[in-house]
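Q: Just dropping this structure here.
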Amino acid sequence: MNFEDGIADAINQHDLALIAWEGADSDQNSMKKMVFHDGLTRIALFVGPEGGFSEEEIALASAKGCQVVSLGKRILRMETSAILLPGLVLFALGEM
């Protein structure tokens, strides 16, 4: 599945879709501001490849309804981000 189809599929099948991007403002795009309402049962998470998502990919995802989120001010390896993002979502939802 290509990137655009993956984003569209996630938006259609989930209550919320989040895409982690190192260029996101860590204050404006914090996890607490993105995951704020009750009743979320299906959340899609996107973590970029080594080197991150391009600005064009972020613009496309955002235009389709994906929420751009920051993982903080540090640049993390993809492997670390893929573990951290679900943990942050669970924490923000009060599940941890």
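Q: Can you tell me which of A63, A92 is free of Cβ contacts under 8 Å to residues at least 40 places away in the same chain and over 12 Å from A20 (Cα atoms)? Show your work before the answer.
A: Working: A92 fails: free of Cβ contacts under 8 Å to residues at least 40 places away in the same chain.
Exactly one of A63, A92 is free of Cβ contacts under 8 Å to residues at least 40 places away in the same chain and over 12 Å from A20 (Cα atoms), namely A63.
Q: Name the residue that is surrounded by the fewest Cβ atoms within 10 Å (Cβ to Cβ), counting only residues in the stretch 78-89 that are touching a residue at least 12 places away in the same chain (Cβ under 8 Å), hydrophobic (A, V, I, L, M, F, W, C) and more than 20 Å from D15 (Cβ to Cβ). Full working, then the answer.
A: If we filter the stretch 78-89 for residues that are touching a residue at least 12 places away in the same chain (Cβ under 8 Å), which is where we start, we get 78, 81-82, 84-86, 88-89.
Applying the additional criterion that residues be hydrophobic (A, V, I, L, M, F, W, C) yields 78, 82, 84-85, 88-89.
Checking the rest, the ones that are also more than 20 Å from D15 (Cβ to Cβ) come to 78, 82, 84.
Values: M78: 13, A82: 15, L84: 16.
This residue is M78.
Q: Scan the stretch 62-77 residue by residue and report those that are outside any loop (DSSP other than H, G, I, E, B) and either touching a Phe, Trp or Tyr at 6+ places or on another chain (Cβ under 9 Å) or surrounded by 14 or more Cβ atoms within 10 Å (Cβ to Cβ) (or both).
A: Taking the stretch 62-77 first, the residues outside any loop (DSSP other than H, G, I, E, B) are 62-64, 67-69.
Scanning the stretch 62-77 gives S62, K64, Q67, V68, V69.
Q: Sticking with this one: Taking the options L93, L88, L18, name whichever one is modelled with pLDDT under 90 and under 13 Å from the mean Cα position of the chain (by Cα). Full working, then the answer.
A: Details: L93 fails: under 13 Å from the mean Cα position of the chain (by Cα); L18 fails: modelled with pLDDT under 90.
Result: L88 is the single residue among L93, L88, L18 that is modelled with pLDDT under 90 and under 13 Å from the mean Cα position of the chain (by Cα).
Q: Under 6 Å between Cβ atoms, which residue pairs at least 6 apart in sequence (or on different chains) link something in the stretch 19-30 that is surrounded by 14 or more Cβ atoms within 10 Å (Cβ to Cβ) and assigned to a loop (DSSP other than H, G, I, E, B) with a partner that is at pLDDT 70 or above and hydroxyl-bearing (S, T, Y)?
A: Sorted first by the residue in the stretch 19-30, then by its partner, the pairs are A24/S70; S26/S70; N29/S70.
Q: Looking only at the stretch 34-61, filter to residues that are exposed (fewer than 14 other Cβ atoms within 10 Å of the Cβ) and among the charged types (D, E, K, R); which one of those is modelled with the lowest pLDDT?
A: So, considering only residues that are exposed (fewer than 14 other Cβ atoms within 10 Å of the Cβ) and among the charged types (D, E, K, R), the one modelled with the lowest pLDDT is D38.
Q: Let me spell it out: the conditions are (1) out of contact with any Asp or Glu (no Cβ under 8 Å at 6 or more places or on another chain); (2) at pLDDT 90 or above, and D25 meets all of them except one. Which number is the exception?
A: Every listed condition holds for D25 apart from (2).
The values are calculated or read from the model by the stated rules, or taken from the named source; none is laboratory data. Keep in mind the model is a prediction, meaning the values are calculated, not measured. Neighbour counts run over all protein chains shown; Cβ positions are idealised from the backbone, glycine included.
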